[in-house]
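These notes are about the structure you will find just below.
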Amino acid sequence: MDLYSGYINKLIAELSILPGIGNKSAQRLAFHIINMPKESVQHLADTMVEARENIRYCRQCCTLTDSDLCPVCADPARNSRVIMVVENTRDLTAYERTHRYEGVYHVLHGAINPTLGIGPNEIRLKELLQRLQHDVDEVIIATNSSIEGETTAMYISKLIKPTGIKVTRIASGVPVGGELEYIDEVTLSRALEARVEL
Ligand code: ZN
């Protein structure tokens, strides 16, 4: 016998798919949604669909954006000869918050993870290599300091080395296994300043 109505169960099941939402949180959210005014629920649903339909990848750096070029790539004041490679758009945002970086980015949308079957072709590496055909002075690898982030950093540096372009890695200060998006701006700025050549 179902404890709840079928509709509630369905809603709980859908919400549990989201990252960080276990069954208990999903139940709490489901009951919250059911108690919200109908218009608010409609607004929430519309916002999700609208975001999914309109957000795309920046033509240049692959970050998620509303337009063809993201605000960083579209800004002529940014130094397009320095490219910082990050795992995702949240990491890009973390670095932007430091206001200390004047170059541009490249967003991989993941990291190499053989156990999950994520190889170099599953992340946006090809696009990065294409960008290196143009004038680039330095590639700063700012992937997370997890095993996957380090594996990805090593892989990228091996690919780029033969081109003669300078390859650097953000310094320690970013704790091992640390996720970039949770690290404060001062630590991030320091890690960037103290980057080492690979
Ligand atoms: Zn961009």
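The values are calculated or read from the model by the stated rules, or taken from the named source; none is laboratory data. Predicted, not measured: the structure shown is a model, and the values here were computed from it. Heads up, the Cβs are rebuilt from the backbone with ideal geometry, glycines too, and the neighbour counts pull from every protein chain shown. Ligands, DNA and RNA are excluded from the accessible area calculation, which covers all protein heavy atoms including side chains. Shrake-Rupley method; radii C 1.70, N 1.55, O 1.52, S 1.80 Å.
Below is a table of values for the structure above.
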{"quantity": "Any hit, region 27-44, residues being aliphatic (A, V, I, L, M) and within 16 Å of the ligand (Cβ to nearest atom)", "calculated": "no"}
{"quantity": "Members of region 74-92 that are among the hydrophobic types (A, V, I, L, M, F, W, C) and buried (at least 20 other Cβ atoms within 10 Å of the Cβ)", "calculated": "Ile83, Met84, Val85, Val86, Leu92"}
{"quantity": "Filter result for Thr98 (under 30 Å from Leu198 (Cβ atoms), in contact with a Leu (Cβ under 6 Å, 6 or more places away or on another chain) and outside the structural domain of Ile123 (by TED's automatic domain parsing))", "calculated": "no"}
{"quantity": "Condition check for Ala13: open to solvent by less than 50 Å² (accessible area, probe 1.4 Å), of a type in the set (A, V, I, L, M, F, W, C), farther than 30 Å from Val104 by Cβ and away from the ligand (no atom under 16 Å from the Cβ)", "calculated": "no"}
{"quantity": "So Leu18, is it assigned to a loop (DSSP other than H, G, I, E, B) and over 30 Å from Val136 (Cα atoms)", "calculated": "yes"}
{"quantity": "Verdict on Thr152 being in contact (Cβ under 8 Å) with a residue 12 or more places away in the chain and assigned to a strand (DSSP E or B)", "calculated": "no"}
{"quantity": "Residues satisfying the stated conditions in region 162-195, i.e. at pLDDT 90 or above and in a helix (DSSP H, G or I)", "calculated": "Pro162, Thr163"}
{"quantity": "Hits in region 59-105 - residues which are among the charged types (D, E, K, R), over 19 Å from His134 (Cα atoms) and within 11 Å of the ligand (Cβ to nearest atom)", "calculated": "Asp68"}
{"quantity": "Scan of region 42-56 for residues that are at pLDDT below 95 and either touching a strand residue (DSSP E or B) at 6+ places or on another chain (Cβ under 9 Å) or open to solvent by less than 100 Å² (accessible area, probe 1.4 Å) (or both), ordered by number", "calculated": "Ala51, Asn54, Ile55, Arg56"}
{"quantity": "Exclusive hit being open to solvent by 90 Å² or more (accessible area, probe 1.4 Å) and assigned to a helix (DSSP H, G or I), set Tyr7, Tyr95", "calculated": "Tyr7"}
{"quantity": "Matching residues in region 131-149 - criterion: being surrounded by fewer than 16 Cβ atoms within 10 Å (Cβ to Cβ) and either at pLDDT 95 or above or touching a Ser or Thr at 6+ places or on another chain (Cβ under 9 Å) (or both)", "calculated": "Leu132, His134, Asp135, Asp137"}
{"quantity": "Meets criteria (more than 30 Å from Ala191 (Cβ to Cβ) and out of contact with any helix residue (DSSP H, G or I) (no Cβ under 7 Å at 6 or more places or on another chain)) for Ala45", "calculated": "yes"}
{"quantity": "Pair list, Cβ under 9 Å, 6 or more apart: region 1-23 residue assigned by TED's automatic domain parsing to the domain that holds Ile34 and aromatic (Phe, Trp, Tyr), other residue at pLDDT below 90 and in a helix (DSSP H, G or I)", "calculated": "none"}
{"quantity": "Some residue of region 54-71 being assigned to a helix (DSSP H, G or I) and under 27 Å from Ile123 (Cα atoms)", "calculated": "yes"}
